[in-house]
Structure formats: C-alpha cells, structure tokens
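Heads up, the thing below is written out as structure tokens.
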Amino acid sequence: MPATYLLLLLLLATWWQGAFELRHWGALTLFSLAVLTTVVAIGGVRIADRRVAVAVAALWGLAAWGLLSATWATSAGGAVEDTGRVIFYAAIFTVILTTLPNRRSAVAMGRYFLAGLGLIAIYTLIRLHMSGEDLFLAGRLDGPVNYRNGTACLFGVAVLPALSYAAARGHNAILRSAAFSIAVLGLGLAFLTQSRGVVFGLAIGLLVALACGPDRVRRAWLGLVAIAIIAAASSPLLAPYRAFDGGAGTASSADIATAVDTLTLITFVAFGLMFLLALFDGGLRPRSAGAGFVRGAARVALVGGVVIVVGLALARVGNPVSYASGKIDEFRDVNSAATGPTRLTSTGGQRYDIWRIAIDEFRADPLRGVGLGSYGFDYYRERATDRNLSDPHGLPFKLLSETGVIGLGLLLTFVVALAAAGRRAWGRLPMESRREAGAMGAAGISVLAQASVDWIWIIPGVMALAFVCLAIAASMLKPDDSTAHLPRPDRPLLRRWLPAAVGGLAIILVLSLYLSDLFVRKARHQ
C-alpha cells in the first residue's frame, strides 16, 4: 500500500511541472521519508541479496557525499538543496524495494505503473484535442512537464514496458493491443517534443531490453513496427515544428490539430494492427512446424531488415567518416542551432560549451569536485555563449564536476550492483518475472541514459521514474514467498535504529529546505 500510494502521488506530480519546484518535490520527499522511517523502525531493513544492499548503500552514500560537499561548495545552500533531491530518489527506491514483499506484488506494481503512464498519455491526447496550443511551445510539445525534454522522458519511459507486455504470447489479445497502442502513443508524444535526448535514452533502453530478453525477436519486431508507424506519419506530426521554422514562423492551431489528429489515428491503427498480430500469434502452437517456420522467418527478416536500413543510411549520408566529422564540427560550434525538417538529426547547440566547463571543473579537483549545486559559478565566468543556466546538462558531467570521481563512482556502483543482482537471480526466475524485470530495468536505464545528456536529474517528478522502475525490477528478483510475517531481524541497532535515525535526520534536513522555501515565497509575495 505505501508503494502504491507513493507511485500515485509521483504520477500526479508530473502535472506540476514534473515537481520541479521545491515545494512539490519536498512534500513528496517528506512523505517518502516518513513511510520509510516508520517501516524501518517497526520491521527493520530486510534486503536478502547483498548486491541489492550495496546498491541501496551506494545511493544513500551519494546523498551523504553531496551533503558533505556543502563544506567546500561555493554555494552551501545549493549543495544542501541538491542533496535533498538525491535523498528523494534514494527514499523512493528504498520504500518500493522494502515494502513490496515478493515478486508477485512487484509484477502487479509494474503493471499499475504502466497503466498510470498510459492514462497520463491518453489524458494528454484528450487535452491536445481540447486546447492543444496550451501544451505547445515553439512548435514542440511542452506540457505537461512544461519542459520539452522532460515531457519526452515522461512518455518515453512507458514505451519499453508496453512493448514488452505486447510481445508476450500469454496475455490477452485486447490487453496486448492496448499496450502496443500505448507504446505508439508514448513514442508519438515524445516525437512531438523533438527531443534528441529521448532518442538516445530509448536506444540504450532497447538494447538492454533485447539483451535481457525474453521475447527478443518479438520485442525487436514490435519496436521496429512502432518506429515505422511514427516514421510513416512523421510529415503531419511535424506540422507544428515546421510551421514554427526556428522562430521564422508561427505554429497555428490548425498545424497543431493536424499533428494531434494524426497521432490519434495512428494510435487506433496500432491497436487494430496489434490485435490482428496477437490473434495470429495466439493461433500458432509453440511446438508446431508452422510456429518454427514463423520464428525462423522472423529472425531472418529482422537481420535482413537491419542490413537494408544500414545500407540505405550509408547511401544517404555518403562517406560515414566525413558525415561523422561534420556532425562533430556542428556539435563543437556553440553558435550552431538545430536546423532542418527535424531536430533529431542535428547535433547543434551549446552542449559542447556546457560540458567543456564541467570537465575543466573536474580537472581542477578530480576527487571532490566544486560541490553540489556550484557548477554555475565557473560557468558564468567562462561561458562562450549568453545562455543562462546553472546545471551542466548531463548527469555524468554534473557528478564529475560537482562531486568528483567519488560521486560518479557511487552512482555507477548503484547501477552495477543492481545489474549483478539481476544476473545472479536470472536463472531461477520464472519467465513472466524475467519479462517484467527486464522491461522495467530497461525503462529505468533509458531514463538514466537520457539524463546523461540532459538536465532531467533536477526534475524530480520525472527523474524519480527511473528509480521507481529500477526498484520494481529489483523487487522482482525476490523469492516468491511473502516476507510480511518474518520475525524481527537480529542486530536491531544496525538494521532498525541506525537506519531509522538516518531517516529522521533526512526528514529534518528536507523539512528545513521546505520551510525555508515557504518563507522565501512568502517574503517575495509580500
């Protein structure tokens, strides 16, 4: 129940600019910490797998290191506030991990999560029909997060779990069709944002999903079909972006209506197409000669299709070395901007300048960094553009510049420890748990991958989705028996009172942030 309620609050928070403001994520953090501290004080910490325990310790260690960085940061207040965000992510991950008793509850939570994201996507589509201009900015979908890349991340995180559910033969044909239509709708909404970061994130996530399996061929084919549907409808979907033309024009309500109507149409087409595929797939007996022929033909066609696509891409770009060199030059030119009929093939922007300064800060103090929240001071002194920001727009760059190798090492330890736990438990998991755990893990990695090239990390309502997915995936590695009535653990000081004390101190820290923000807003209003 705590995990379900927390998940509901988190999904609702996406409508408040992704809980970007402290008053929104601070309230969620206090609730998460209160639940966690209560659970720990009553029953203690029970994490059977040491690898998962290492992951939890590394995430909380990152919060502790960030708080310690306030002693050398240029902005001590910025370090404390950034630490509050890390505490938020750690608390959400730990609450879900410790309150889901077994893998069956984790599978159910994963499906609730997918259903919630699907409802948000459908509601967004309805709002686009009613008042599309309110959700668009500069020809690109901006709402509900009110930041294009954050909105793309919100809808992109549903794509891989939905494709995984649609690929499973044992599920109901109507539910498989609904899942595939949600995948196409989420992909289409992300495409309307024209975010390049979500493309990178989904590509990494898809590789993880295919590596983990099962249903690799089905997942790959459904992913290609979803991409093909978006590609076929790309011209009307890009109507608002092309009309805006980098500021030379204006995206009218008619342009937005064209894109929204097209997105609605392809969502229904995806449902119907998947329903036919599910009926055909369900009619094949797994061990029949026909099923074997279809599986073999699907593999051959998949490999052949990849070869053809790569060949066509090489023919289009010409010399790949020259093309890559040109894209690198475009990336290094801080005065260049994304041009052309779509942003997805452009590398222009100011990322090179932003990351250059982050690397310089890391070189100046590779062990500690400049302290959480203190990147902006060097940036405003050394920037080569007039862009105003205070974040290096990339999680590895942020951690290296602000927390040094220790901070980045703690986050990498978190990810590697979870991967090691998954590998160890994979052989004993039933097929359904493998399917769900692989999909949720891939979705979490996709958000982390997008955060590595964007500033998703400081949008708590969106970034927390990665830790929700990874916590659900880790919970699916548990034995399938309830642990709700286990006796209280031994060593109560280590397993109960010390974690509860840490939770209490974290509550005091976040509460101080929340109240200070309240006083500042009150003073500004007066």
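In whole Hz, with x marking every Gly and Pro, tabulate ³J(HN,Hα) for segment 506-523 from phi via Karplus 6.51 cos²θ - 1.76 cosθ + 1.60, θ = phi - 60°.
Karplus values, whole Hz, x for Gly and Pro: 5, 4, 4, 4, 5, 4, 4, 4, 4, 5, 4, 4, 4, 5, 5, 5, 5, 5.
What are the radius of gyration and Dmax of segment 48-197, computed over its Cα atoms and given in Å?
Rg then Dmax for segment 48-197, in Å: 19.3, 58.
Compare the Cα positions of Ser475, Gly409, Gly444 along the charge dipole of segment 350-509 (+1 at Cβ of Lys, Arg; -1 at Cβ of Asp, Glu; about the Cα centre) and return the one farthest towards the positive end.
Working it through, the farthest residue towards the positive pole turns out to be Ser475.
Taking N as the number of residues in segment 323-391, what is its alpha-carbon radius of gyration divided by 2.2 N^0.38 Å?
On the way: Rg = 14.0 Å, N = 69, 2.2 N^0.38 = 11.0 Å.
Normalised by 2.2 N^0.38 Å, the Cα Rg of segment 323-391 equals 1.27.
So for Tyr241, Tyr380, what's the accessible-area order with a 1.4 Å probe, most first? Mind showing how you got there, number by number?
Values: Tyr241 30, Tyr380 105 Å².
Ranked list, largest accessible area first: Tyr380, Tyr241.
With every protein chain present, what accessible area does Leu128 have (1.4 Å probe, heavy atoms only), rounded to the nearest 10 Å²?
10
On the accessible surface of the chain, probed at 1.4 Å, how many percent belong to carbon and sulfur atoms? Could the numbers behind the result be given before it?
On the way: 15470 of 23300 Å².
Using a 1.4 Å probe with all protein chains present, the chain comes out at 66 percent carbon and sulfur.
For segment 204-218, take each phi angle, set θ = phi - 60°, evaluate the Karplus expression 6.51 cos²θ - 1.76 cosθ + 1.60, and give the result in whole Hz per residue in order, putting x for glycine and proline.
Rounded to whole hertz, the list is 5, x, 5, 4, 5, 4, 6, 5, 6, x, x, 6, 4, 5, 5.
As I understand it, the dipole of the chain uses +1 on the Cβ of Lys and Arg and -1 on the Cβ of Asp and Glu, about the Cα centre. Which of Ser516, Pro214, Gly376 lies farthest toward its positive end?
Selected residue: Pro214.
Might you report the magnitude of the Cβ-based charge dipole of the chain about its Cα centre, with Lys and Arg at +1 and Asp and Glu at -1, to the nearest 20 debye?
Details: 47 positive and 31 negative charges, 369 e Å.
Its charge dipole is roughly 1780 debye.
Sum -39500 (n - 2.57) across every DSSP H segment of at least 4 residues in the chain, then divide by the residue count to get the 222 nm mean residue ellipticity, nearest 500. List each step's numbers first, then the result.
Working: 21 runs with 379 residues, N = 526.
About -24500 deg cm²/dmol.
In percent, what relative contact order does segment 218-285 have, based on Cα pairs under 8 Å that are 6 or more apart in sequence?
29
With only alpha-carbon pairs counted, each pair once and no self-pairs, how large is the Kirkwood hydrodynamic radius of the chain in angstroms? Walk me through the numbers on the way to the answer.
Values: mean 1/r = 0.0413 Å⁻¹.
Its Kirkwood hydrodynamic radius stands at 24.2 Å.
What length, rounded to one decimal in nm, is gained on full extension from Phe268 through to Ala231, with 0.36 nm per residue of separation minus their alpha-carbon distance? Could you put the intermediate results ahead of the total?
Values: separation 37, 0.36 × 37 = 13.32 nm, distance 1.60 nm.
Full-extension gain reported as 11.7 nm.
Could you give the size of the charge dipole of segment 316-429 about its Cα centre, using +1 on the Cβ of each K and R and -1 on the Cβ of each D and E, expressed in debye and rounded to the nearest 20? Provide the component values of the computation, followed by the final result.
On the way: 15 positive and 12 negative charges, 136 e Å.
That gives segment 316-429 a dipole magnitude of about 660 debye.
Per-residue counts of other Cβ atoms within 10 Å, averaged by peptide: what ranking do you get for 84-96, 109-121, highest first?
Packing proxy ranking, top to bottom: 84-96, 109-121.
At a probe size of 1.4 Å, how large is the accessible area of Glu21, to the nearest 10 Å²?
We get 60 Å² for Glu21.
To the nearest 10 Å², what's Phe377's accessible area with a 1.4 Å probe?
The accessible area comes out at roughly 90 Å².
Distance between Cα centroids, segment 506-526 to segment 1-72: provide it in whole Å.
19
Provide the per residue accessible area, probe 1.4 Å, for segment 84-191, rounded to a whole number of square angstrom.
28
If the only charges are +1 at each Lys and Arg Cβ and -1 at each Asp and Glu Cβ, what is the size of the charge dipole of segment 368-442 around the Cα centre, to the nearest 20 debye? Please report the intermediate quantities before stating the final value.
Details: 10 positive and 7 negative charges, 79 e Å.
Here segment 368-442 has a charge dipole of around 380 debye.
Towards the positive end of the charge dipole of segment 66-182, with charges on Cβ (+1 Lys, Arg; -1 Asp, Glu), say which of Asn146, Met130, Ser164 has the farthest Cα.
Ser164
Which loop trypsin sites (Lys or Arg not before Pro) in segment 115-189, with loop taken from DSSP, have no more than 15 other Cβ atoms within 10 angstrom of their Cβ?
Working: sites: Arg127, Arg140, Arg148, Arg169, Arg176; in loops: Arg169.
Of the trypsin sites (Lys or Arg not before Pro), the ones in loops of segment 115-189 whose Cβ has at most 15 other Cβ atoms within 10 Å are Arg169.
Please state the equivalent ellipsoid semi-axes for segment 1-75: what are the square roots of 5 times the Cα gyration tensor eigenvalues, largest first, in whole Å? Display every interim value, and only then the final one.
On the way: eigenvalues 106, 99, 26 Å².
In descending order, the three semi-axes are 23, 22, 11 Å.
Given contacts defined as C-alpha pairs under 8 Å and at least six residues apart, what's the relative contact order of the chain, whole-number percent?
Working: 816 pairs, mean separation 152.7, N = 526.
RCO, the chain: 29 percent.
Averaging sequence separations of C-alpha pairs under 8 Å and six or more residues apart, then dividing by the length of segment 1-147, give the relative contact order as a whole percent. Don't skip to the answer; put the middle values down first.
Working: 95 pairs, mean separation 51.3, N = 147.
It comes to 35 percent, rounded to a whole number.
Got a sec to turn the phi values of segment 79-95 into Karplus ³J(HN,Hα) couplings, 6.51 cos²θ - 1.76 cosθ + 1.60 with θ = phi - 60°, whole Hz, x for Gly and Pro?
5, 5, 5, 5, 4, x, 5, 5, 4, 4, 5, 5, 5, 4, 4, 6, 4
How do 424-431, 321-328 rank on mean C-beta neighbours within 10 Å, highest first?
Values: 424-431: 13.5, 321-328: 11.8.
Most protected by this proxy first, the peptides run 424-431, 321-328.
The values are calculated or read from the model by the stated rules, or taken from the named source; none is laboratory data. Just so you know, these numbers come straight off a predicted model, no measurement behind them. Because the Cβ atoms are built from the backbone with ideal geometry, glycine has one as well, and the counts that use them run over all protein chains shown. SASA here: full protein model, heavy atoms, side chains in, ligands and nucleic acids out. Shrake-Rupley method; radii C 1.70, N 1.55, O 1.52, S 1.80 Å.
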